[in-house]
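> Take this structure first; my questions come after.
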Amino acid sequence: MIKTALNFNWQFTEGFKESYLKQSFTGESVDIPHTVKHIPKNYFDENITKMISTYQKTFSYDLKTNRRLFLRFEGVMSKAVVYLNEQPITKHIGGYTPFSVEITNTLKADNRLTVVVDSQETPDHPPFGHVVDYLTYGGIYREVTLIETGPDMIEHLLIDGDEHTLNLRAQLNTTTNLSSCVFKIFDGEQVMQTYHASITDQSVFLTEKHTLNVWSLTHPKLYTIKAYINQECIYSDRFGLRTIRVDENGFYLNGENIFLRGLNRHQSYPYVGYALPASAQRKDADMLKDDLGLNIVRSSHYPPSKHFLNRCDEIGLLVFTELPGWQHIGDETWQSHALNDLKTMVINDYNHPSIVIIGTRINESDDHDIFYQKTQDLVKSIDTSRPTGGVRVFAKSNLLEDIYTMNDFTHHGDNEGLTNKRNITKKRHPYLVTEYNGHMFPTKAFDNEERRIDHALRHFKVLDDAYKMNGLMGAIGWCMNDYHTHQAFGSNDHVCYHGVFDMNRNTKYAASVYASQGDKPYLNVLSNMHIGDRSSGVLNHVVVATNCDKVELYKNDQLIGTHFPSSTYSHLPHPPVIIKDFIGNQIEINEPFSKKDAKRIKTIMLYMMNNHLNMRLRDKITFAYILKKYKMSYADAVNLYTKYVGGWGEVSTIYQFKGYQNNQVVVDVNKRPCDDYHLNISADENTLYHKDTYDVTRITASLINRFNDRAHYAHAVISIEVSGDIKLIGPSSRALQGGIESFWIRSIKKGHGKVTVHSPQFESVSIDMTIST
């Protein structure tokens, strides 16, 4: 089996003419993945990607006798008609599933491949037919491959099992009368198992004992299976073995009860929509697992890229995948396409051990027992190793799936985080919350500090209630990142600001909620410690997202107090530390008051800080008594307040937060007013790999001070200059948002490149890139 990537040097044009089939046209030279049109980050016409467009590529191929050639598309949004040498060879409907076609008999030495793409939102197939809370963009946005085989090939191979037994099913496509084939399982280069299998009616069914290790979250062990006929490898794929079980008490992976903590993910990016290659997809998985400490992601509301799933397999990140759609169920034609999507998804992604739940309902749709019995039966006819779920947004829905999966938007800031399971479904039903928060409190990365803190606290609250609830297997929040949407949704700028990351994958405070539940030492102070960020100019509390056992607060090198995880969120593995005392014993140390009077003054000041600077009558009397006792004037009282509460006019207040684990300092964070802001530049990766297609990496420019505090309200205009063998994705001039802006660059060819960020206000910064093959 020989695979040849077909991703470089396509011609693209908007529209279609019959003449394009008969002769080559000259359009825009593009590489795959590609989107039909770049769109602005916000405030744009959502119809600009709804079009008919044409892609064309010429290629030569020398196919020997008794060889076969197939053409595979990983994803075209959302309808495709494919022609080879003027002949129509296949049609495909549905933008989220791959498709293949044999081109052996249409192939010539020199070939012209033409793909007519319809990215209009036609109502005959999912997710269209009604409003949809996301954009689907358009184009050949996933890779294209030629696959050469011998006369015999495997259409699909499905493998699963447990710690003792391996089950294998294969469907062959042969032109000879084969009676057997050989399967080998590899761990790297080492052959672990060899099986000889009989072929009956072009099918193989095999159940054998094995000595392989199971796949788990902490040890995601993967193997490679290869199939051989006449010593030629005709099939190769990775897999992992694990068992999944659900019941009314939870979710079990290899028999271990695991609480599912995760987020939903949209696969969209600025300017190019869905059209970014493997490295961007893989990076999202890394951020979910490594940066946020999650163990599950829901691929809302469609199957994701194979590259995303591959990375989830490698790092041990569980996946809830689902058929495409959003709230709407169409007519019989629409339902037929939905069933085709579901069947393709289940078969195509079967060997990914990371996939542990299959969604068989259209997200948030009404009950439709006839249709949903068909989707459930279809999945179970192929895959009995995984439980099914069906995401609804209302209680007491008919349950045809294995898990009652529910979007619970109960929480609105000052109430319970989640509705109790008994008010949603029956006690005996396995239960999973699949969305929360999101549209209930949209938050931008550049919103004021109090809103960004409130956003984080809402995630803390719901997650705490999820851990507390009996019979709940987990909760998957809405959502990982901000995303484009239709005019009917979002903030009237075609963006839903629902993510814990912004669209560029930069963090908001809410991301710290999840990062702090992980195992790596973590401490993030959800404040810049500036009184001007707070109502009434009072810094009366600070939330510290951390997994530390305790946090010491210092003010100007003096210990103010030692603080412990908040009992308000006691069900979390790591509750936040909430600091409400910024005075400590400093009045007693620094002022001429007795210990008793210093304590009285501190109590009065703390009350004022939390009550809009108001004083109770008894506090007024007490304070007046103390002023008289120590012969202090009203001005002296104001100075006391300014010094210990207001902080007005202070030259510099330095706050230090020391986080401890096992009585050892593991994190040390400093906060102070500082005007020495400068541009900083960093890259996710400094080396790009220009191989089967172009590669990308994310570059981040931020405005920070020497304490690494970001200038959250900076909107400085920057210009991006690239040179060498790289290209910028998106405009070269843009503004910081919340003091930060990320952008992607792509490779052009092997070599070197340089990225420089300029600003009229700040010194330019640069970073060098290497492009390898």
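The values are calculated or read from the model by the stated rules, or taken from the named source; none is laboratory data. Source: prediction; values computed, not measured. With ideal geometry, Cβ positions are generated from the backbone for all residues, glycine too; neighbour counts draw on all protein chains shown. Note: accessible area is taken over every heavy atom of the protein model, side chains too, but ligands, DNA and RNA are not part of it. Shrake-Rupley method; radii C 1.70, N 1.55, O 1.52, S 1.80 Å.
> Return the residue satisfying two criteria in turn: it lies in segment 366-385 and is open to solvent by less than 10 Å² (accessible area, probe 1.4 Å) and either modelled with pLDDT under 95 or assigned to a helix (DSSP H, G or I) (or both), and of such residues it is farthest from Phe239 (Cα to Cα). Can you show your working first?
Restricting attention to segment 366-385, the residues satisfying the condition of being open to solvent by less than 10 Å² (accessible area, probe 1.4 Å) are 371-372, 375, 379, 383.
Now drop any that are not either modelled with pLDDT under 95 or assigned to a helix (DSSP H, G or I) (or both), which leaves 371-372, 375, 379.
Working: Phe371: 31, Tyr372: 29, Thr375: 25, Val379: 19 Å.
Among residues in segment 366-385 that are open to solvent by less than 10 Å² (accessible area, probe 1.4 Å) and either modelled with pLDDT under 95 or assigned to a helix (DSSP H, G or I) (or both), the one farthest from Phe239 (Cα to Cα) is Phe371.
> A further question follows. Kindly evaluate Ser53 against the criterion of being at pLDDT 95 or above, part of a strand (DSSP E or B), of a type outside the set (D, E, K, R) and open to solvent by 30 Å² or more (accessible area, probe 1.4 Å). It would help to see each step written out before you state the result.
Working: at pLDDT 95 or above: yes; part of a strand (DSSP E or B): yes; of a type outside the set (D, E, K, R): yes; open to solvent by 30 Å² or more (accessible area, probe 1.4 Å): no.
Judged against the criteria, Ser53 is not a match.
> I've got another one for you. Based on what the data block shows, is Glu256 in contact with a Gly (Cβ under 8 Å, 6 or more places away or on another chain) and either on the phi > 0 side of the Ramachandran plot or not aromatic (Phe, Trp, Tyr) (or both)? So that I can check it myself, show each step before the final result.
On the way: in contact with a Gly (Cβ under 8 Å, 6 or more places away or on another chain): no; either on the phi > 0 side of the Ramachandran plot or not aromatic (Phe, Trp, Tyr) (or both): yes.
No, not satisfied.
> What strands (runs of 3 or more DSSP E) lie completely within segment 696-773 and have 1 or more residues being open to solvent by 10 Å² or more (accessible area, probe 1.4 Å), within 30 Å of Leu523 (Cα to Cα) and of a type outside the set (Gly, Ala, Ser)?
696-704, 740-747, 765-772
> Residues that are modelled with pLDDT under 95: find the strands (runs of 3 or more DSSP E) completely inside segment 238-321 holding 3 or more of those.
Result: empty, no element qualifies.
> In addition: Consider only pairs whose beta carbons are under 9 Å apart and that are at least six residues apart or on different chains; among these, list those whose first residue lies in segment 22-36 and is hydroxyl-bearing (Ser, Thr, Tyr) and whose second residue is at pLDDT below 95.
Cβ pairs passing all conditions: none.
> Which one is modelled with the lowest pLDDT among residues in segment 615-645 that are charged (D, E, K, R) and open to solvent by 50 Å² or more (accessible area, probe 1.4 Å)?
Per the criteria, the residue is Lys643.
> Report, ordered by the first and then the second residue, all pairs with beta carbons closer than 9 Å, sequence separation of six or more or different chains, a first member in segment 82-100 that is without any contact (Cβ under 8 Å) to a residue 24 or more places away in the chain, and a second member that is aromatic (Phe, Trp, Tyr) and open to solvent by 30 Å² or more (accessible area, probe 1.4 Å).
Here the result reads Ile89/Tyr83, each pair linking segment 82-100 to a residue that is aromatic (Phe, Trp, Tyr) and open to solvent by 30 Å² or more (accessible area, probe 1.4 Å).
> Give me the pairs: first residue in segment 554-570 and modelled with pLDDT under 95, second residue open to solvent by 70 Å² or more (accessible area, probe 1.4 Å), beta-carbon distance under 8 Å, and six or more apart or on different chains, which are they?
If the second residue must be open to solvent by 70 Å² or more (accessible area, probe 1.4 Å), the pairs left are Gln558/Ile589.
> Follow-up. Could you tell me which of the residues Ser216, Ser279 is surrounded by 18 or more Cβ atoms within 10 Å (Cβ to Cβ), more than 26 Å from Asn363 (Cβ to Cβ), in contact (Cβ under 8 Å) with a residue 40 or more places away in the chain and among the small types (Gly, Ala, Ser)?
Ser279
> Tally up the residues in segment 82-141 that are outside any loop (DSSP other than H, G, I, E, B) and open to solvent by less than 10 Å² (accessible area, probe 1.4 Å), please.
9
> Let me ask another. Among the residues of segment 445-485 satisfying the criterion of being more than 17 Å from the chain's Cα centre (by Cα) and in a loop (DSSP other than H, G, I, E, B), which is surrounded by the fewest Cβ atoms within 10 Å (Cβ to Cβ)?
Ranking the candidates gives Asn470 first.
> Answer yes if at least one residue in segment 28-47 is of a type in the set (Phe, Trp, Tyr) and more than 27 Å from the chain's Cα centre (by Cα), and no otherwise.
For segment 28-47, residues of a type in the set (Phe, Trp, Tyr) and more than 27 Å from the chain's Cα centre (by Cα): absent.
> Further question: Among the numbered criteria (1) aliphatic (A, V, I, L, M); (2) open to solvent by less than 10 Å² (accessible area, probe 1.4 Å); (3) more than 22 Å from Gly390 (Cβ to Cβ), which one does Leu432 miss?
Status for Leu432: all satisfied but (3).
> Identify all residues within segment 152-181 that are acidic (Asp, Glu) and surrounded by fewer than 20 Cβ atoms within 10 Å (Cβ to Cβ); write none if there are none.
Within segment 152-181, Glu155, Asp162, Glu163 meet the criteria.
> Find the residue count for segment 538-554, including only residues that are farther than 15 Å from Leu606 by Cβ and in a strand (DSSP E or B).
Counting residues in segment 538-554 that are farther than 15 Å from Leu606 by Cβ and in a strand (DSSP E or B) gives 8.
> What number of residues within segment 386-399 are open to solvent by 50 Å² or more (accessible area, probe 1.4 Å) and touching an Asp or Glu at 6+ places or on another chain (Cβ under 9 Å)?
Here the count works out to 3.
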